[in-house]
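Encoded as structure tokens, the structure appears first; notes follow it.
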Amino acid sequence: MHTTSGRPGRRQALAALAVAALAAGGTVAVSNPPAIAAESTLRAAAAKAGLFFGVAASPGRLGPIVAQEFSQLTPENDMKPDSIATSSGGLRNTGNADTLVNHAQSNGMLVRGHTLVWHSQAGQLQGASQATLNTFIGNAITRWGSRIAYWDVVNEAFDDNNTGRRRTQWPHSLSRDANGDGDYVDSGDTDVIRESFRRAKEVVRQNNLSTKLCINDYDVEGLTVGGGGRNNKAQALYDVVRAYTQGSEKLIDCVGFQSHFNDNPNSVITADLQANIQRFADLGVEVHLTEVDIDDDLSGNDIGQGQADNYRKVVRACLNVAGCTGITVWGIADSESWRSSERGLLFTGGNGDYQKKAAYHAVLDELNKGRSGSSSGSPSVPVSPSIPVSPSVPVSPSTSTGTAGCTATVSVDSWTGGFVATVRVTAGSSAITGWRVTAALPAGAGVTGSWNTERSGTSGTVQFANVGYNGRIAAGQATEFGFQGTGTAAGATFACAAA
Ligand code: XIL
């Protein structure tokens with residue numbers, strides 16, 4: 001049994017009672033089942049909460065634990081181009097991938113295909129043209145069809161070190177920013193991300209598949225990075241997902257945050273993880289935490305309660321966002337991890353003989369609390385940043401109605417020293433073609449980033465105007481934009497005017 005620090009919550013107390021009775025050899029007549037019937041596996045607890053809980057594996061790791069604990073499987077290496085692609089975009093050597101897909105299917109597990117377009121482990125595809133990449137995309141998607149629930153179409157498209165730029169090495173050398181304005185979405189531009197998703201979407205449509213198409217990356221988990229600066233890589237990913245979901249083409253269905261958390265400042269767990277998951281989910285895509293491992297360095301070499309608490313925070317952030325529909329850990333046991341020295345997974349042991357870590361019990365407990373779980377049962381877990389606090393922040397009451405055809409309503413997630421505001425702009429009884437929201441922020445508040453809006457100003461009176469794709473709102477309909485700030489939003493007022 002795992003221990004928790006602080007006063008035990010009700011569930012812990014019940015469990016302790018049962019264990020004490022058993023230890024004393026007594027028989028306990030249980031006429032009424034406990035009020036909370038906790039599930040005893042990750043997959044069952046996750047299913048109850050409405051998400052999948054998965055694992056990355058290779059055929060050699062398909063012991064009983066995989067199907068017992070996990071409801072989704074990602075081939076750790078066996079669907080990468082270096083494993084299965086020929087230089088002309090054909091398929092070869094698909095046996096290991098087949099083994100994994102078959103195992104998943106016969107155990108009721110979803111499969112995430114991983115991955116089609118990637119600069120690393122490209123094998124014979126290294127340096128290929130977009131046409132060859134498209135051939136490979138078509139072959140791989142049709143090979144397994146709807147047996148693959150989610151495909152990572154593009155993996156790791158953005159640069160390291162928080163530059164906010166695309167990578168420049170192949171396959172990104174296939175992209176062209178023709179007018180040099182920093183994006184790849186104009187008519188003269190080409191974009192390997194867009195072209196690859198277009199091809200993938202076409203194949204899905206032509207074959208009537210249920211497969212969803214994802215973009216996946218790391219160091220994109222928080223709105224901010226360690227030290228509080230903006231997470232430019234997350235913003236760059238957000239801009240791409242927005243461009244390819246909110247425009248005329250809906251190319252991207254899901255976003256993977258790899259979630260390899262460690263003590264690199266760009267890879268730490270920040271308090272705004274949930275807010276970042278939320279803003280992607282608000283674009284109408286599913287969000288998944290796809291390759292979770294949490295370095296023991298983040299808890300001072302503690303793979304007990306410290307690491308367990310980190311896992312709680314991450315799982316809770318996902319659970320608190322309805323659009324976060326799956327969590328996948330990148331391996332079963334620490335010793336078998338690609339980063340074994342970080343001891344970042346849920347089990348110790350190896351070779352089929354596994355022992356649950358404190359982190360395992362924490363994840364199970366958090367999943368058992370479900371989507372609406374709160375921190376009340378776990379005093380040792382500082383999850384306050386990820387709890388929606390809008391009722392306690394006096395922003396909504398001061399929301400004001402615009403005079404000319406729109407209203408702005410605001411919800412705020414706040415934590416000590418910062419907040420994220422989501423502003424909903426609703427058209428009145430007539431359609432509008434543009435809008436401007438004027439925010440009067442309290443002294444000390446400063447805006448550090450915004451999305452779905454053109455902003456002027458960072459403090460005091462700040463203007464937020466529509467951007468190209470969200471100015472037109474039909475009568476009674478709404479759109480949302482958001483911003484992040486330091487300080488507090490308490491006392492802010494917002495006025496909306498149609499432009
Ligand atoms: C890793 C595997 O775990 C290793 O076995 C392999 O040697 C290298 O790749 N991001 C990804 C994964 O998208 O495919 C990587 O997997 C880890 C980082």
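Couple of notes before you dig in:
- Qualifying strands (runs of 3 or more DSSP E) (wholly inside segment 416-499; at least 3 residues being within 23 Å of F280 (Cα to Cα) and of a type in the set (V, I, T)): 418-427
- Within segment 286-307, restricting attention to residues that are over 15 Å from A333 (Cα atoms) and more than 10 Å from the chain's Cα centre (by Cα), the residue that is surrounded by the most Cβ atoms within 10 Å (Cβ to Cβ) is L298.
- Those residues of segment 314-338 which are more than 16 Å from the ligand (Cβ to nearest atom) and either at pLDDT below 95 or under 20 Å from S299 (Cα atoms) (or both), in sequence order: V314, V315, R316, A317
- Top-ranked residue of segment 72-96 - restricted to ones that are within 14 Å of the ligand (Cβ to nearest atom) and part of a helix (DSSP H, G or I), ranked as nearest to the chain's Cα centre (by Cα): P81
- Any hit, segment 235-249, residues being away from the ligand (no atom under 16 Å from the Cβ), of a type outside the set (S, T, N, Q), at pLDDT 95 or above and not in a helix (DSSP H, G or I): no
- Selection within segment 107-156 - within 22 Å of I327 (Cβ to Cβ) and part of a loop (DSSP other than H, G, I, E, B): N107, G108, M109, W118, I148, A149, E156
- Among (1) within 20 Å of W151 (Cα to Cα); (2) more than 16 Å from the ligand (Cβ to nearest atom) - the single one A67 does not satisfy: (1)
- Just one of the listed residues (R167, R147) is charged (D, E, K, R), within 16 Å of the ligand (Cβ to nearest atom) and surrounded by fewer than 18 Cβ atoms within 10 Å (Cβ to Cβ), namely R167.
- When segment 339-370 is filtered for residues that are of a type in the set (S, T, Y) and away from the ligand (no atom under 16 Å from the Cβ), the ones remaining, listed by number, are T348, Y354, Y360.
- Count of residues meeting criterion [without any contact (Cβ under 8 Å) to a residue 60 or more places away in the chain and under 18 Å from the mean Cα position of the chain (by Cα)] in segment 150-189: 0
- Scanning segment 83-100 for residues that are in contact with a Leu (Cβ under 8 Å, 6 or more places away or on another chain) and not polar (S, T, N, Q) yields I84, A85, G89, L100.
- Scope segment 197-225; condition closer than 19 Å to R165 by Cα and either more than 16 Å from the ligand (Cβ to nearest atom) or touching a Leu at 6+ places or on another chain (Cβ under 6 Å) (or both); matching residues: D217, V220, E221, G222, L223, T224, V225
- Some residue of segment 124-141 being away from the ligand (no atom under 16 Å from the Cβ), closer than 25 Å to F53 by Cα and surrounded by 17 or more Cβ atoms within 10 Å (Cβ to Cβ): yes
- Assessment of segment 110-118 against the conditions (out of contact with any strand residue (DSSP E or B) (no Cβ under 8 Å at 6 or more places or on another chain) and at negative phi) yields no matching residue.
- If you go through segment 175-227 and pick out every residue that is among the basic types (K, R) and not in a helix (DSSP H, G or I), you end up with 2.
- Residue check, V462 β-branched (V, I, T) and more than 12 Å from A408 (Cα to Cα): yes
The values are calculated or read from the model by the stated rules, or taken from the named source; none is laboratory data. Please read all numbers here as calculations on a predicted model, not as lab measurements. Here Cβ is always computed from backbone atoms with ideal geometry, including for glycine, and neighbour counts include all displayed protein chains.
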